[in-house]
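Down below is the structure, laid out as structure tokens.
The values are calculated or read from the model by the stated rules, or taken from the named source; none is laboratory data. All values reported here derive from a predicted model rather than from experimental measurement. Cβ: placed from backbone, ideal geometry, glycine included. Neighbour counts: every protein chain shown.
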Amino acid sequence: MSAEHCVIIGNGPAANEAALTLRKKAPDLKVTMIGRELVRYYRPHLLPDYIAGKIPDHDLYVNPMNFYHDHDIYLRLGQQAAGIDFDRREVLLDHKERVRFDSLIVAVGGKPRIPEPLVPFAHLMLTLKTMADARKWMEKLPRVDSVLIVGGDLTSLAVTKSLISMGKRVSFILCSEAFWPLRMNEEIRREAATRLLEYGVEVLSCRAITRITRIDDHRVEVETDSGGFRPGLVGAFYGLMPDVQFLARSGLDIERGILVDEYLRTRVADVYAAGDCAQVYHPGLKDYWVSIGHANATYLGRIAALNLLGGRVAAEVAPTSIFRVDGINANVSWWLEF
Ligand SMILES: Cc1cc2nc3c(=O)[nH]c(=O)nc-3n(C[C@H](O)[C@H](O)[C@H](O)COP(=O)(O)OP(=O)(O)OC[C@H]3O[C@@H](n4cnc5c(N)ncnc54)[C@H](O)[C@@H]3O)c2cc1C
């Protein structure tokens, strides 16, 4: 009889921790990881330093090239899951191949959130989630002197620091959505503005961006309710949201992320979700929470793997570390400092 096959969709912290846990605890299990990016597992929190040229490519990668081969994990890169057929227990890849599984862990993480009114201008703004995003910044930055940061989630502070270290002029629109998922209040606003000013950042206040247009290769025009700006580039930082639309008609319960119980089980037998794409039930709160951050992602990846192998480990999160913002319960594990 052939070995049981576990497929993991994703190649971030949650997926890698799950794969390694499965390999350690179940040496005979066949493990396949499917990642849509062509590059191997890297540290996303180093991308701001990477775009500033402070670290070489190889420092971004977590594992050496031969790691997956040595651990008997079949890594498929540059392959995107486009859906899941739970009746046939197959992952559908965008190039039409089907990959059969006995058990499955979905660990597809998040994608940059762009607020609805700004979607028409998304093509004129840069985000920073993936290595491909980083390369776009690296291609464009040498041609511009100034960058406008809009939104301003936790990542944006690291990006701002990197841009300043490169000698760029940085302006920052501190709007009510800044620092999502933290709720912006007057105290946070004051503190952030003081810190940004200390770093030499121009802090702008406005309630709404009404239009963004390209002027030429070196400038865009940003119109707001309190005036216009002409930066070289616009960086949009409105937090990450689970990247799960491809599962919309799969039969999984999806709200903001994939709904799972405290053992990270979805409604389908032997199918789990972990990391930033999961929305995890908390029996104490009688509600779901979304995970944001590297430490949470690895923790959940490990739990999903242990439970898939027959364990009964609950994701234990103190209710006090979960806070509510914009109607969402968020649990943030974040180590960034500014
Ligand atoms: C610039 C930046 C700075 C950050 N700084 C910090 C920090 O200081 N501290 C902190 O705690 N966190 C930080 N984070 C957040 C942290 O990196 C994430 O919370 C963490 O990576 C989540 O892990 P994950 O495995 O759930 O998802 P991800 O890391 O998002 O990984 C998801 C994986 O799934 C793959 N994937 C997605 N969809 C598909 C599909 N359909 N088919 C196949 N593969 C797919 C993706 O390519 C990726 O490999 C930062 C993130 C960024 C982008």
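Restricting attention to the range 36-59, does a residue exist that is among the aliphatic types (A, V, I, L, M), in a strand (DSSP E or B), within 12 Å of the ligand (Cβ to nearest atom) and over 16 Å from the mean Cα position of the chain (by Cα)?
Within the range 36-59, none of the residues are among the aliphatic types (A, V, I, L, M), in a strand (DSSP E or B), within 12 Å of the ligand (Cβ to nearest atom) and over 16 Å from the mean Cα position of the chain (by Cα).
Please work out which residue is nearest to the ligand (Cβ to nearest atom), limiting yourself to the range 115-127 and to residues that are over 18 Å from the mean Cα position of the chain (by Cα) and at pLDDT below 95.
Among those residues, the one meeting the criterion is Leu118.
Please go through the range 237-254 and pick out each residue that is modelled with pLDDT of 95 or more and surrounded by 19 or more Cβ atoms within 10 Å (Cβ to Cβ).
Val244, Leu247, Leu252, Ile254
Out of curiosity, is Arg249 under 25 Å from Ala158 (Cα atoms) and assigned to a loop (DSSP other than H, G, I, E, B)?
The answer is no for Arg249.
Can you name the residue in the range 75-93 that is assigned to a strand (DSSP E or B) and small (Gly, Ala, Ser) and is also farthest from the ligand (Cβ to nearest atom) among such residues?
Filtering the range 75-93 for residues that are assigned to a strand (DSSP E or B) and small (Gly, Ala, Ser), the one farthest from the ligand (Cβ to nearest atom) comes out as Gly83.
Are any residues in the range 230-247 within 15 Å of the ligand (Cβ to nearest atom) and out of contact with any Gly (no Cβ under 9 Å at 6 or more places or on another chain), and if so, which ones?
The one that is within 15 Å of the ligand (Cβ to nearest atom) and out of contact with any Gly (no Cβ under 9 Å at 6 or more places or on another chain): Gln245.
Tally time: how many residues in the range 94-114 are surrounded by fewer than 17 Cβ atoms within 10 Å (Cβ to Cβ) and either within 16 Å of the ligand (Cβ to nearest atom) or not charged (D, E, K, R) (or both)?
Residues in the range 94-114 being surrounded by fewer than 17 Cβ atoms within 10 Å (Cβ to Cβ) and either within 16 Å of the ligand (Cβ to nearest atom) or not charged (D, E, K, R) (or both): 5 in total.
For the range 128-161, what are the residues that are surrounded by fewer than 22 Cβ atoms within 10 Å (Cβ to Cβ), within 13 Å of the ligand (Cβ to nearest atom), modelled with pLDDT of 95 or more and not basic (Lys, Arg)?
Within the range 128-161, Thr130, Met131, Ala132, Asp133, Ala134 qualify.
Out of everything in the range 251-306 that is more than 16 Å from the ligand (Cβ to nearest atom) and basic (Lys, Arg), what residue ends up being nearest to Asn11 (Cα to Cα)?
Among them, the one singled out is Arg265.
Find the residue count for the range 18-58, including only residues that are under 18 Å from Leu240 (Cβ atoms), among the acidic types (Asp, Glu) and either modelled with pLDDT under 95 or crowded, with 22+ Cβ neighbours inside 10 Å (or both).
0
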